[in-house]
1. Every residue in the stretch 52-62 that is assigned to a loop (DSSP other than H, G, I, E, B) and surrounded by 20 or more Cβ atoms within 10 Å (Cβ to Cβ), please.
2. Of the conditions (1) assigned to a helix (DSSP H, G or I); (2) under 26 Å from the mean Cα position of the chain (by Cα), A91 clears all except one; give me its number.
3. Which one is surrounded by the fewest Cβ atoms within 10 Å (Cβ to Cβ) among residues in the stretch 94-108 that are outside any loop (DSSP other than H, G, I, E, B) and within 13 Å of ligand 1 (Cβ to nearest atom)?
4. Please indicate, with yes or no, whether at least one residue in the stretch 60-74 is out of contact with any helix residue (DSSP H, G or I) (no Cβ under 7 Å at 6 or more places or on another chain), more than 8 Å from ligand 1 (Cβ to nearest atom) and either assigned by the TED database to the domain that holds A290 or among the hydroxyl-bearing types (S, T, Y) (or both).
5. Output the residues belonging to the stretch 31-62 that are within 15 Å of F142 (Cβ to Cβ), in contact with a strand residue (DSSP E or B) (Cβ under 7 Å, 6 or more places away or on another chain) and among the aliphatic types (A, V, I, L, M).
6. Can you tell me which condition Y82 does not meet? The list is (1) modelled with pLDDT of 95 or more; (2) surrounded by fewer than 24 Cβ atoms within 10 Å (Cβ to Cβ); (3) within 12 Å of ligand 1 (Cβ to nearest atom); (4) hydroxyl-bearing (S, T, Y), and all the others hold.
7. If the requirement is being among the basic types (K, R), in the same structural domain as Q322 (by the TED database) and at pLDDT 95 or above, which of these qualifies: K144, K156?
8. Considering the stretch 22-37 alone, what residues qualify as being away from ligand 2 (no atom under 13 Å from the Cβ) and farther than 19 Å from A95 by Cα?
Amino acid sequence: MSWSQDDFQHMRRAIELARRGRFSTRPNPAVGCVIVRDGRVVGEGFHPKAGEPHAEVFALRAAGELARGATAYVTLEPCSHYGRTPPCAEALIRAGVGRVVAAMVDPNPQVAGRGLSMLREAGIEVASGLLEGDALAINPGFIKRMSEGRPFIRIKLAASVDGRTALANGHSKWITGPQARQDVQRMRLAHGAIITGADSVLADDPAMNVRPEQLPASLTLPDTWSQPLRVVVDGRARLAPPLRLTAIESPVLLASTRAYGCDWPDWVESWQGPSRCDKLDLHALVAELAERQINTVMVEAGASLAGAFLSAGLWDELILYQAPKMMGSDGRGVVNLPELAEMTQVPEFQFKDVRRVGADLRLTLVRAES
Ligand code: AOF
Ligand code: ZN
């Protein structure tokens with residue numbers, strides 16, 4: 001398929017529009033749409049929130065009669081099913097558009113190519129794959145959950161340059177600087193759930209929520225944003241109130257292999273999962289979160305739980321903040337891994353992104369290409 005300069009320009013704009021919904025559409029994907037007639041943009045739209053109209057509907061409303069014979073650029077294949085809203089493919093057909101360009105096929109099994117077929121069958125010219133990589137990057141969680149049945153998992157770690165997170169006596173407060181902590185607040189916002197461990201809760205009594213006043217000033221928060229679900233892996237049900245985490249009125253899921261003996265506030269739910277080697281089965285937890293339509297998860301945990309997710313292969317991206325400090329070899333390591341005897345067993349990664357955040361470094365690592 002060969003694309004024109006105009007095609008690129010309009011799809012780039014559709015991607016920009018889609019990104020406006022990235023903090024508010026979950027469990028739905030963020031999608032943008034631009035309608036162009038005779039080289040002129042006649043309608044734009046993006047999906048703001050699950051339950052509200054899709055991107056195409058807003059763009060068609062703006063275009064009105066001018067949609068007839070126009071080209072619609074959409075960052076995701078238009079839907080073909082009745083979900084919370086009627087199919088966009090039908091709306092495009094009814095409006096008489098002449099051409100539809102999609103950046104990617106919808107991995108939702110309820111759609112999966114049917115939207116594009118419906119359009120083609122109605123005599124509309126259809127093309128797909130323009131700026132696909134950019135479109136895939138907007139919704140990694142939705143795509144992962146639809147295609148693999150589990151959320152996209154980021155493991156967040158913070159350490160000194162020599163990979164330590166605490167002194168031998170456990171002192172650890174503020175290894176990274178204020179900008180890195182602000183960056184973590186921004187990251188939390190983009191996730192459907194934040195997972196931590198009971199050890200971290202018992203040691204630090206964290207809140208694990210998004211605090212709007214701590215977000216970067218440059219970020220415009222949509223009215224429809226929501227707090228991520230705060231999940232605590234508490235295999236032996238050791239937690240009991242009062243905790244800062246459960247005192248804040250927004251959803252918490254306590255994941256354990258056992259039942260709790262105490263009462264929790266209404267917004268705290270406990271979930272009993274199976275155990276594996278005497279620990280909560282993380283595969284089962286992750287499947288439960290996908291069942292609850294969670295697209296993206298950030299693990300913000302200590303060395304044991306972070307290591308357990310890593311060893312179980314339950315991760316897609318590691319975010320490592322490194323402070324320009326050294327804590328020495330007696331300090332605690334950033335992830336616990338089973339003892340390795342051969343260099344060939346050493347897990348290998350590749351850097352996807354490396355940047356400075358204030359005084360610290362933020363490294364993004366993904367699986368090494370084999
Ligand atoms: C589109 N345009 O802007 C979005 C789409 O329950 P519903 O009706 O909101 O449908 C949700 C599904 O529709 C979602 O799982 C995904 O497959 C698709 N999202 N499709 O044509 C949009 N957000
Ligand atoms: Zn739709």
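The values are calculated or read from the model by the stated rules, or taken from the named source; none is laboratory data. Predicted model, so just to flag it, every value in this text is computed and none were measured. Don't worry about glycine lacking a Cβ; one is built from the backbone with ideal geometry, like all the others, and counts go over all protein chains shown.
1. H54
2. Unmet condition: (2).
3. The initial filter retains those residues of the stretch 94-108 that are outside any loop (DSSP other than H, G, I, E, B), namely 94-95, 99-102.
Add one more test, that the residue is within 13 Å of ligand 1 (Cβ to nearest atom), and what stays is 100, 102.
Working: V100: 28, A102: 26.
Result: A102.
4. Checking the stretch 60-74: at least one residue is out of contact with any helix residue (DSSP H, G or I) (no Cβ under 7 Å at 6 or more places or on another chain), more than 8 Å from ligand 1 (Cβ to nearest atom) and either assigned by the TED database to the domain that holds A290 or among the hydroxyl-bearing types (S, T, Y) (or both).
5. Taking the stretch 31-62 and keeping what is within 15 Å of F142 (Cβ to Cβ), we get 31-32, 46-47, 49-50, 54-55.
Then keep just the ones that are in contact with a strand residue (DSSP E or B) (Cβ under 7 Å, 6 or more places away or on another chain); that gives 31-32, 46, 55.
V31, A55 - these are the residues of the stretch 31-62 that are within 15 Å of F142 (Cβ to Cβ), in contact with a strand residue (DSSP E or B) (Cβ under 7 Å, 6 or more places away or on another chain) and among the aliphatic types (A, V, I, L, M).
6. In the conditions (1) modelled with pLDDT of 95 or more; (2) surrounded by fewer than 24 Cβ atoms within 10 Å (Cβ to Cβ); (3) within 12 Å of ligand 1 (Cβ to nearest atom); (4) hydroxyl-bearing (S, T, Y), Y82 misses (1) alone.
7. Unique residue meeting the criteria: K156.
8. Of the stretch 22-37, the ones away from ligand 2 (no atom under 13 Å from the Cβ) are 22-24, 26-27, 34-37.
Selection gives R22, F23, S24, R26, P27.
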